[in-house]
Amino acid sequence: MGGKQDLKEFTVGSLPTVIYLPSFISDSEQAQLLDQVYQAPVSKWKSLKNRRLQNWGGVVHEKGLLPQELPPWLTKITQKIYEETVLFPAPINHVLINEYLPDQGIMRHQDGPAYFPVVAILSLWSPVVMNFSPHPNLTTCVHSANDSDNNNESNIHNPFSVLLRPRSLLIFKDAAYSDYLHGIENSNVHALDKVVNVSEVLNHEELDATLNSGGPVATKGNEELHAIHRTGTRVSLTCRVVLKVHKNLFKF
């Protein structure tokens, strides 16, 4: 891909604020990024309970960012995202690089208020399913509204999933950012029953139809596709903008 993208054709699901761009980068660009990720010093990695990560761009505080300049290899890819999507109000200044083994994920969460409400996630190496679910507060409001009006249309907020293939870029913003939690199951088998980008399921060569419960998500030839088996490590770059940037700690 190159140049400014018309993102309307890349929206997936019922929300107009979830955008999925397959093959956003080339195989060689993916290889170069992975080389840089694993050339980072061991001290750059932070080990968590179910994954490890690198933090680039500085320290994010609830009141803003204590910045640190991104290295050239990250500036190159974040500039590409910034210029081609035209969704961020300023160049991307913060990147989290997460490494997930085949049975590792991340609990459902919302990104903090320090970030501008747009996030771009570049997936590398191995496919995964990301799940979105309505924020509990939203669900409570919907139930309350439906108690008084059974025809209320607020119940359109339903869980959904997106299959993230290697080299793809997922962007979500606005309602998808503020009204939903997102996460990845701690499992090496990811169900496809709620996946909204079905074309990606059909095009994927690594899908394995081994779940016997429920109907097929899609059919590829005579094969019914129910799940993917995660067999390799996945690396993701979560790219965001922190608008409030502080030059020194004393300004917090």
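Outside any strand (DSSP E or B) and open to solvent by 20 Å² or more (accessible area, probe 1.4 Å): is that true of residue 84 in this structure? Steps first, please.
Numbers: outside any strand (DSSP E or B): yes; open to solvent by 20 Å² or more (accessible area, probe 1.4 Å): no.
The answer is no for residue 84.
Can you confirm whether the stretch 20-35 contains a residue that is of a type in the set (S, T, N, Q), closer than 23 Å to residue 128 by Cβ and touching a Leu at 6+ places or on another chain (Cβ under 8 Å)? The answer is yes; a qualifying residue exists. For the stretch 34-55, the candidate set comprises residues that are at pLDDT 95 or above and either under 17 Å from the mean Cα position of the chain (by Cα) or closer than 14 Å to residue 197 by Cα (or both); within that set, the residue that is most open to solvent (accessible area, probe 1.4 Å) is 52.
In the set 122, 74, 163, 96, which member is modelled with pLDDT of 85 or more, touching a Gly at 6+ places or on another chain (Cβ under 9 Å) and not in a helix (DSSP H, G or I)? Write out each step before concluding.
Values: 122 fails: touching a Gly at 6+ places or on another chain (Cβ under 9 Å); 74 fails: not in a helix (DSSP H, G or I); 163 fails: touching a Gly at 6+ places or on another chain (Cβ under 9 Å).
Step by step, each of 122, 74, 163, 96 is checked, and only 96 is modelled with pLDDT of 85 or more, touching a Gly at 6+ places or on another chain (Cβ under 9 Å) and not in a helix (DSSP H, G or I).
Within the stretch 184-200, being open to solvent by less than 50 Å² (accessible area, probe 1.4 Å) and not β-branched (Val, Ile, Thr) holds for 187, 190, 191, 192, 197, 200.
Within the stretch 3-17, restricting attention to residues that are part of a helix (DSSP H, G or I) and open to solvent by 50 Å² or more (accessible area, probe 1.4 Å), which residue is farthest from residue 174 (Cα to Cα)? Top of the filtered list is 9. Taking the criterion of being within 18 Å of residue 123 (Cβ to Cβ) and over 16 Å from the mean Cα position of the chain (by Cα), the residues of the stretch 83-109 that qualify are 84, 101, 102, 103.
The values are calculated or read from the model by the stated rules, or taken from the named source; none is laboratory data. Just so it is clear, the structure is predicted and the values come from calculations on it, not from any experiment. Here Cβ is always computed from backbone atoms with ideal geometry, including for glycine, and neighbour counts include all displayed protein chains. Surface accessibility is based on the protein's heavy atoms, side chains included, excluding ligands, DNA and RNA. Shrake-Rupley method; radii C 1.70, N 1.55, O 1.52, S 1.80 Å.
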